[in-house]
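Trainee: Below is one structure. I have some questions about it.
The values are calculated or read from the model by the stated rules, or taken from the named source; none is laboratory data. Since the model is a prediction, treat every value here as computed from it, not as a measurement. Every residue, glycine as well, gets a Cβ built from its backbone with ideal geometry; the counts of neighbours run over all protein chains shown. Surface areas here come from the heavy atoms of the whole protein model, side chains and all, with no ligands, DNA or RNA. Shrake-Rupley method; radii C 1.70, N 1.55, O 1.52, S 1.80 Å.
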Amino acid sequence: MYLPLVAGVDGSEPSLRAVDWAADEAALHGVSLLVLYGALWERYEGSALARELGKPFARVEAEDILRAAAERARRRRPDLLVTTETVPDEAEHGLVCAGRNASMIVVGNRGRSGVADRLLGSVSRTVAAASDCPVVVLRGNHDDRAVAGRHGRIIVGLGDAPTSVLQFAFTEARLRRVPLTVVRAWRCPAHETVDHPLLTGEPARLYEERAAKELEAALEYAPSDIAVRRRTTEGPARSVLPAASSEADLMVIGRRAHGRLGRVAHSVLHRSACPVVVVPEQR
């Protein structure tokens with residue numbers, strides 16, 4: 001059974017752009033699209049009725065938002081099966097619960113709070129940290145498209161537990177028919193060069209070689225039908241990966257399965273110039 005792809009909406013422009021992106025992604029994977037709205041509308045019952053319809057106002061709003069979002073997805077991808085759902089819960093909790101039976105979740109980087117676009121909304125941050133499935137947070141100028149991007153490249157940040165994140169990246173590169181660049185950041189502790197001024201550069205070379213070996217080991221069984229490019233870059237991953245995102249249409253990073261975002265993921269989600277996929281490591 002193919003699990004649906006879930007798009008979270010709240011009526012904001014970023015969330016509607018996420019519906020566009022999610023429709024492309026669902027069509028690419030050959031799965032259905034579930035458009036979900038999380039609202040605690042039941043608390044308004046009896047005090048905030050929409051008189052002409054006899055329904056709570058917030059529920060009427062949810063229905064209107066879902067109808068518009070679903071129509072938008074169907075116009076974009078006429079052959080795509082699109083369903084909608086309103087959950088009487090906070091948006092982040094509703095999306096995390098839906099992710100237990102989903103192939104992927106797509107959210108905008110912010111909602112209707114009016115926060116500047118460069119910042120990350122609380123819903124997208126919470127869902128990216130807690131979901132059981134990969135979460136796409138739409139950052140940067142992606143032209144509302146999951147395919148045919150400007151750069152024709154996916155970049156994946158190689159961490160210490162690369163299995164799930166690499167498999168996801170291989171699949172996305174194959175479906176999009178684009179090359180995959182795997183980035184491994186490395187650093188040389190400052191004391192190793194300061195304590196040995198005559199050996200300046202030598203410890204750094206050893207750390208770079210170690211990073212290259214780790215990269216090769218992780219990619220030993222990379223699929224032969226995907227063009228895989230290797231890159232080792234000096235610097236902290238939380239700086240290296242956001243910088244590399246300016247050359248990509250999609251940035252893929254991993255996340256430990258404990259329900260928290262590490263410093264690297266947090267930095268990438270806040271600073272990336274392209275959409276970011278956070279892939280939880282399987283337990």
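Trainee: Within a Cβ distance under 12 Å of L180, other residues only, what is the Lys/Arg minus Asp/Glu net charge?
Mentor: Details: positive: R153, R174, R176, R177, R229, R230, R231; negative: E172, D225, D249.
Computed value for this residue: +4.
Trainee: What distance in nm separates the simple spin-label points at A68 and R256, each placed 7 Å from Cα in the Cβ direction?
Mentor: The two pseudo-label positions are separated by 4.2 nm.
Trainee: What length, rounded to one decimal in nm, is gained on full extension from A212 through to T83, with 0.36 nm per residue of separation minus their alpha-carbon distance? Write down the numbers at each step before the final one.
Mentor: Working: separation 129, 0.36 × 129 = 46.44 nm, distance 4.56 nm.
That works out to 41.9 nm of additional length.
Trainee: Taking a probe of 1.4 angstrom, what is the accessible area of R77 in Å², to the nearest 10?
Mentor: Counting only protein heavy atoms, the figure is 80 Å².
Trainee: Hey, what do the phi angles of segment 123-130 turn into as Karplus ³J(HN,Hα) couplings, whole Hz, using 6.51/-1.76/1.60 and θ = phi - 60°, x for Gly and Pro?
Mentor: Result, rounded to whole Hz: 5, 5, 5, 5, 5, 4, 7, 10.
Trainee: Also, quick follow-up: So, by mean Cβ neighbours within 10 angstrom, what's the order for 247-255, 270-278, 175-183 with the highest one leading?
Mentor: Details: 247-255: 25.3, 270-278: 23.1, 175-183: 18.9.
Those peptides, ordered most packed to least, come out 247-255, 270-278, 175-183.
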